[in-house]
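Down below is the structure, laid out as structure tokens.
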Amino acid sequence: MERTFVMVKPDGVQRNLAGKIISKFEERGYKIVGLKMMQMPQELAEQHYGEHKEKPFFQPLIQYITSGPIVAMVLEGKGVVRAARKMMGATNPQEADPGTIRGTYAVEIGRNVIHGSDSVDSAKREIELYFKPEELVSYQLAGDNWIYE
Ligand code: IDP
Ligand code: MG
């Protein structure tokens, strides 16, 4: 089964949206296999967003993502990497479709409430950045037969 890394960013936590956001993935049928709240260390933030180091928004991004606690999670399920990205909507909430998480809860690109891995490879990298193997749990949900045929 595929796994992805999702994070409720500091604005999502401060606006009390963490529960609602987690619920959307649960309700769809994706399984939470890792979950924690943490204050993002500067070093982890810079590692996570390393690909954007040269961008003009890098410093504000690091400032934003380390500005308060985040909720990090690993979700598991069929096609979850792509599906979670689609559920989040476009990076710029102004472009995000209504009904997506960003299209529902966000207005500006620098306050877009959620992160999700953009490929299976980044998911693997990001899961390893945030979670030790023993922090992830493999289990069966009683309702799995009603989600998967
Ligand atoms: P993604 O989060 O949808 O994968 P990326 O392009 O990887 O989007 O950018 C990472 C994060 O950096 C975005 O979610 C957003 O918080 C921030 N960001 C991206 N582009 C801009 C920008 O032009 N201005 C301010 N912040 C930006
Ligand atoms: Mg990205």
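Take the Cα radius of gyration of the chain and divide it by 2.2 N^0.38 Å, N being the number of residues; the result is 1.01. Think of it as helices only: each DSSP H run of n ≥ 4 in the chain is worth -39500 (n - 2.57), and spread over all residues that comes to -10000 deg cm²/dmol at 222 nm. As a rough footprinting exposure proxy, the listed residues Y49, Y130 were ranked by other beta carbons within 10 Å of their own, and the order from fewest upward is Y49, Y130. The packing ranking of peptides 76-83, 8-15, highest mean first, is 8-15, 76-83, where packing means the average number of other beta carbon atoms within 10 angstrom of each residue.
Just so you know, the Rg over Rh for segment 92-141 is 1.12, from Cα atoms, with Rh as the Kirkwood radius.
Taking 0.36 nm per residue of separation and subtracting the Cα-Cα distance, full extension of the segment from K20 to L129 would add 36.8 nm. The distance linking segment 16-45 with segment 132-148 is 16 Å (Cα centroid to Cα centroid, whole angstrom). Phi angles of segment 100-108 translate, via the Karplus equation with coefficients 6.51, -1.76, 1.60 and θ = phi - 60°, into HN-Hα couplings of 6, 5, 5, x, 9, 10, 9, 10, 10 Hz per residue; Gly and Pro are given as x.
Taking other residues whose beta carbon is less than 13 angstrom from the beta carbon of G68, and scoring Lys, Arg as +1 and Asp, Glu as -1, yields +2. A straight chain from S119 to N145 at 0.36 nm per residue would run longer than the Cα-Cα distance by 6.7 nm. Only Lys, Arg, Asp and Glu carry charge here, each on its Cβ (+1 for the first two, -1 for the last two); on that basis the chain has a dipole of about 260 debye about its Cα centre.
Taking 0.36 nm per residue of sequence separation and removing the Cα-Cα distance, the Q59/E43 pair yields an extension gain of 4.5 nm. Among F5, F57, F131, the order by Cβ neighbours within 10 angstrom, fewest to most, reads F57, F131, F5.
Bear in mind these aren't lab numbers, they're just calculated from the coordinates by the rules spelled out. Here the structure is a predicted model, which is why all the values come from computation and not from measurement. Quick reminder, even Gly has a Cβ in these numbers, built from the backbone with ideal geometry, and neighbours come from all protein chains shown.
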